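Heads up: the structure comes next, in structure tokens.
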């Protein structure tokens, strides 16, 4: 999760306080720049305005940040109760390229011609050159209180790092079962959130949609269009593999990316594919309405608790 990603990864790898774990924030870059956050719905390109039904049952990036901000606040407050004044990493500083698991911007391959003209199959600098936060250098006791276990250590050079359970108390005060991290998650209700079903259905709908006659026909037309431009590919995934991806993108990569997008526009592939998958997802939702709604309600409840926490 965003708010404690640096701390958790450091604790999990035994790298708390190591030189590699404490990298400086990039100069002249704000930690959180919402302008770089992914849009809830694509606002340009062939996928502009498209949103699949299952997205209503997914967690948006903005919601993820809100939850992480709240749990981070509670973690710091919890640590203060034990006499530790620490500052955890800031949520929202390293946004992903997509708002949720649907990844509409690239679900059907490249769709943004403007971006492809600059980056080919790559990502904008705002996503590849993000600010790096300094991970707090935590003592063994602080790690135990924060996580409920100690720093992972190796019994031998070839062994897997193992973290011992934290003591029951610190200076006479009981340590939470999963440390301050677990305490914060429980207080917000974050630990109850489970989007696994929506994620699984999202993957299944994509696979099923590729077998739909209309999609197969559109992919065939797209493939013929690509052949006419000098590229042999049956799917957008195959066209992406035709060139070596470099940073910055080579002209060859950019040309291939633009051909992929132009052929999609000529064959109406994205709209056809989206229509077929929308129908599949509507049926999935009907078949799993209760489970999906229950998961969504837990997320909504957690967000309400998070906003209340952040409001003071």
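A short reminder: the numbers here are calculations on the coordinates, not readings from a lab. None of these values were measured; they are calculated from a predicted model. A quick note on method: Cβ atoms are made from the backbone with ideal geometry, for glycine too, and the neighbour counts reach across all protein chains shown.
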* Asked: Between residue 154 and residue 174, what FRET efficiency follows from the Cβ-Cβ distance if R0 is 35 Å, with the result rounded to 0.05?
  -> 0.75
* Prolate/oblate/rounded label for region 176-263 (Cα gyration tensor, a/c 1.5) -> oblate
* Asked: Taking the chain as a Gaussian network, where each spring joins two C-alpha atoms under 10 Å apart, which residue of 109, 120, 203 fluctuates the most?
  -> 203
* Structure fact -> Looks like region 136-282, by Cα gyration tensor root eigenvalues a ≥ b ≥ c and the a/c under 1.5 rounded cutoff (else prolate when a/b is bigger than b/c, oblate otherwise), is prolate
* **Percentage relative contact order, the chain, counting C-alpha pairs under 8 Å, at least six apart** => 26 percent
* Just the projected area, averaged over all directions, of the convex hull on the alpha carbon atoms of the chain: how many nm²? -> 19.3 nm²
* Top of 239, 156, 209 by mean-square fluctuation, Gaussian network on the chain, Cα under 10 Å -> 156
* Structure fact -> Gyration tensor on Cα atoms of region 30-137, a ≥ b ≥ c root eigenvalues, a/c under 1.5 rounded, else prolate if a/b beats b/c, else oblate, says oblate
* To do: Please give the length that would be gained between residue 211 and residue 245 if that part of the chain were fully extended, namely 0.36 nm times their separation in residues minus their C-alpha to C-alpha distance (nm, one decimal).
  => 9.4 nm
* Asked: Pick from 243, 215, 270: which is most flexible by mean-square fluctuation in a GNM of the chain where alpha carbon atoms under 10 Å apart are linked?
  -> 243
* Structure fact -> Summing -39500 (n - 2.57) over every DSSP H run of at least 4 residues in the chain and dividing by its residue count gives a helix-only mean residue ellipticity at 222 nm, to the nearest 500 deg cm²/dmol, of -15500 deg cm²/dmol
* **Extension gain (nm, one decimal) between residue 268 and residue 117, 0.36 nm per residue minus Cα-Cα** => 52.4 nm
* Cα centroid distance between region 89-142 and region 244-303, in Å? -> 17 Å
